[in-house]
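Visitor: Sharing a structure below in structure tokens format, with a few things to ask.
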Amino acid sequence: MSLFAGEGETAGEEIAALCELVATFVTREILPAESDALRRGLPEIPRAVVGPLQAKARAAGLWCFETPEEYGGLGLDALAAVHVIEEASKHAFCVPDPGNGVFGYDPPNILLSGSAQQRDRYLRPSVDEGVQWCLGISSGGSDPARAIRTRADRSGSGWVLNGRKLWTSRADVAAYGILFARTGPGRDGISAFIVDLPHPGLAVRTVPVIRDHHTTEVTLDDVALPADALLGNEGEGFKLAQAWLNRSRLRVAAQALGMAQAALSMATRYAGQRETFGKPLAARQSVQNLLVDAHVELTCARLLLRAVAARERDGRASQGSVSMAKLRCTEAAFSAVDGAIQVHGAIGVSREMPLEHWFRALRVARIIEGPSEIHRFAIARELLGASAVG
Ligand SMILES: Cc1cc2nc3c(=O)[nH]c(=O)nc-3n(C[C@H](O)[C@H](O)[C@H](O)COP(=O)(O)OP(=O)(O)OC[C@H]3O[C@@H](n4cnc5c(N)ncnc54)[C@H](O)[C@@H]3O)c2cc1C
């Protein structure tokens, strides 16, 4: 039941139909594969199962939601994308990729600002062959303009990279990475480089974290790159990172809503079925409050996300507004999943249920793409002025 079905910023009938198609695909194809993986205690759907499902998704026209049509994707704008990504994230292993990669790996939007050769060499195979990629801004952490220490020095006509990037997810499976490195001082001294993987001088170490999907540490020791590895112009890295973060923050927000909405639906069903002391849980006001509060919070978060995504589509979303959406959606989703676990009791924390997977993924979602405190900081800057906030 949704009091707000069809209201707020909607992306139109075509996207509603696409969402239905995605929902049906998740139910018929992904959930059965996933329940087998959950029973076997795996951290994702095995690659051998993902491959054939990718072929089916492609045949159904559900491939690379956000990539422009001229490169073989669906070309969804920011508003349409948050609708579809929410729907594609209503299953346990939807992080980092909705559908566990079954719907492809949208190449990073910033590759579109690369040269024609870079787009042919990296963007097209991501769509055509489903190759994976990674993107390393950190160890810059919350303050990349100051904290990026990986260096790129000119060497002949090319570059040599040295440093360490903790937290570069997927560097162990990616065919290429976009790595941000310092080419000079300050914010204008950061540049982005495309690196073929694996690469001489570049080592990757797996770093397990509390969510199912691990991340990695990348160490660069005299990694020699040709001149055309530079993405955009020298010193444009910070601008590219911002362009990437705006879209990826909306994506993380939509994924969070998908997980939380699925958790709330499970808890609502369970509350109607499970009886204690002669009555269903749904008859207890304390349980109703948990469900109602989550429903209200998720509805507000969704309306906010869609309003901000519409602005992003029109090129007028401020950084603070994107921060508001990411903050509100991930915090509301975490709290809703926590409540859904509570309503389920012991079964809520079983590894065979998606709930505890969502709980761990959402704990991480409150940190990645900027921790909640950083988003409050960005909002404070818009509210109070940068000079007042610092
Ligand atoms: C599983 C996982 C996957 C990741 N994948 C990637 C990836 O693929 N690519 C990539 O580039 N990065 C990735 N990251 C890194 C992630 O984006 C950073 O961890 C995140 O931006 C926070 O940076 P930090 O960990 O250095 O925290 P710090 O910047 O050290 O901050 C630590 C804490 O201090 C507080 N804080 C910091 N600054 C302020 C402030 N100004 N005001 C108030 N409080 C503040 C916050 O509570 C914050 O959580 C990943 C991280 C994880 C955990």
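Visitor: Return the whole-Å distance between the Cα centroid of segment 302-360 and the Cα centroid of segment 203-221.
Guide: Centre-to-centre (Cα) distance: 25 Å.
Visitor: Still on this structure, please answer the following. Residue 201: net charge of surrounding residues, Cβ under 9 Å, Lys/Arg +1, Asp/Glu -1, itself excluded? Walk me through the intermediate numbers first.
Guide: Details: positive: none; negative: 221, 222.
Result for the neighbourhood of residue 201: -2.
Visitor: From the gyration tensor of the Cα coordinates in the chain, what semi-axes in whole Å does the equivalent ellipsoid have, largest first, with each one equal to sqrt(5λ)?
Guide: Details: eigenvalues 262, 108, 82 Å².
Working from the Cα gyration tensor, I get semi-axes of 36, 23, 20 Å.
Visitor: Where does each of 71, 176 land when they are ranked from fewest to most other beta-carbon atoms within 10 angstrom? Before the final figure, lay out each step's value.
Guide: On the way: 71 19, 176 22.
Ranked by crowding around the Cβ, least crowded first: 71, 176.
Visitor: Residue by residue, what Karplus-based ³J(HN,Hα) values in Hz, rounded to whole numbers, does segment 360-368 have, using 6.51, -1.76 and 1.60 with θ = phi - 60° and x for Gly and Pro?
Guide: 6, 5, 6, 4, 6, 4, 7, 10, 5
Visitor: In percent, what relative contact order does segment 128-177 have, based on Cα pairs under 8 Å that are 6 or more apart in sequence? Mind dumping the intermediate values first?
Guide: Numbers: 70 pairs, mean separation 24.2, N = 50.
Answer for segment 128-177 is 48 percent.
Visitor: Please sort by residue number the chymotrypsin sites (Phe, Trp or Tyr not before Pro) in segment 250-340 whose DSSP state is loop and whose Cβ has at most 15 other Cβ atoms within 10 Å.
Guide: Details: sites: 270, 277, 334; in loops: 277.
Those that pass, being in a loop and sparsely packed, are 277.
Visitor: If packing is taken as the average number of other Cβ atoms within 10 Å across a peptide's residues, how do 51-57, 40-46 rank, most packed first? Walk me through the numbers before you get to the answer.
Guide: On the way: 51-57: 16.1, 40-46: 13.7.
Answer by packing, highest mean first, reads 51-57, 40-46.
Visitor: Follow-up. Give the order of 93, 238 when sorted by the count of other beta carbons within 10 angstrom, beginning with the fewest.
Guide: 238, 93
Visitor: Please compare each pair in 239/326; 56/326; 90/326; 90/239 to a cut-off of 23 Å on the Cα-Cα distance and tell me which ones are over it. Provide the component values of the computation, followed by the final result.
Guide: Values: 239/326 19 Å; 56/326 31 Å; 90/326 18 Å; 90/239 32 Å.
Cα-Cα > 23 Å for 56/326; 90/239; rest within.
Visitor: A further question follows. Using C-alpha positions alone, give me the convex hull volume of segment 77-159 per residue in cubic angstrom. Could the numbers behind the result be given before it?
Guide: Details: hull volume 12.6 nm³, N = 83.
That works out to 151 Å³ per residue.
Visitor: Amide H of residue 231 versus every other amide H placed in the peptide plane: which residues, excluding those fewer than 5 positions away on the same chain, fall under 5 Å?
Guide: Answer set, sorted by chain and number: 192, 193, 194.
Read the figures in this text as sums done on the coordinates, not as results from a lab. As the structure is a computational prediction, the values presented were derived from the model and not from experiment. Quick reminder, even Gly has a Cβ in these numbers, built from the backbone with ideal geometry, and neighbours come from all protein chains shown.
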